[in-house]
1. Take region 31-71 and flag every residue that is in contact with a Leu (Cβ under 9 Å, 6 or more places away or on another chain), within 15 Å of residue 19 (Cα to Cα) and not β-branched (Val, Ile, Thr).
2. Taking region 1-33 as the region of interest, how many residues are of a type in the set (Ser, Thr, Tyr) and exposed (fewer than 13 other Cβ atoms within 10 Å of the Cβ)?
3. Could you tell me how many of the residues in region 49-69 are under 16 Å from residue 6 (Cα atoms) and touching a strand residue (DSSP E or B) at 6+ places or on another chain (Cβ under 6 Å)?
4. Just a yes or no: is a residue in region 46-63 in contact with a Phe, Trp or Tyr (Cβ under 8 Å, 6 or more places away or on another chain), part of a loop (DSSP other than H, G, I, E, B) and either exposed (fewer than 12 other Cβ atoms within 10 Å of the Cβ) or without any contact (Cβ under 8 Å) to a residue 12 or more places away in the chain (or both)?
5. Determine which member of the set 43, 36 is in a loop (DSSP other than H, G, I, E, B) and surrounded by 15 or more Cβ atoms within 10 Å (Cβ to Cβ).
Amino acid sequence: MELEQVRPPRCIHLQSKAMAIHGEGFEGDSDYQDGMTDFTCIMSGRSIGPDFGDVGMKACCNPDRDCYEEY
């Protein structure tokens, strides 16, 4: 039996169009599945976080970032 993959908690400030439209079901969005989703930090309003780091699903799951707040 294959175990379900559990994603680490993401930052509450991470946002994308798919998240805004689909809520927690955003992973079912075809753009997200195709890797075409652009992420934004709602703290900085840009694709660069307030710590000048990248914004994205992987980058914004790092609890060592100064701007990270668990969702």
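Read-outs throughout are calculated quantities, based only on the coordinates presented, and are distinct from any laboratory measurement. Note that the structure is a prediction, hence the values are computed from the model and not measured. Ideal geometry is used to build each Cβ from the backbone, glycine not excepted, and the neighbour counts take in all protein chains shown.
1. 39, 41, 56, 57, 60, 71
2. 1
3. 1
4. yes
5. Details: 36 fails: surrounded by 15 or more Cβ atoms within 10 Å (Cβ to Cβ).
Being in a loop (DSSP other than H, G, I, E, B) and surrounded by 15 or more Cβ atoms within 10 Å (Cβ to Cβ) holds for just one of 43, 36, which is 43.
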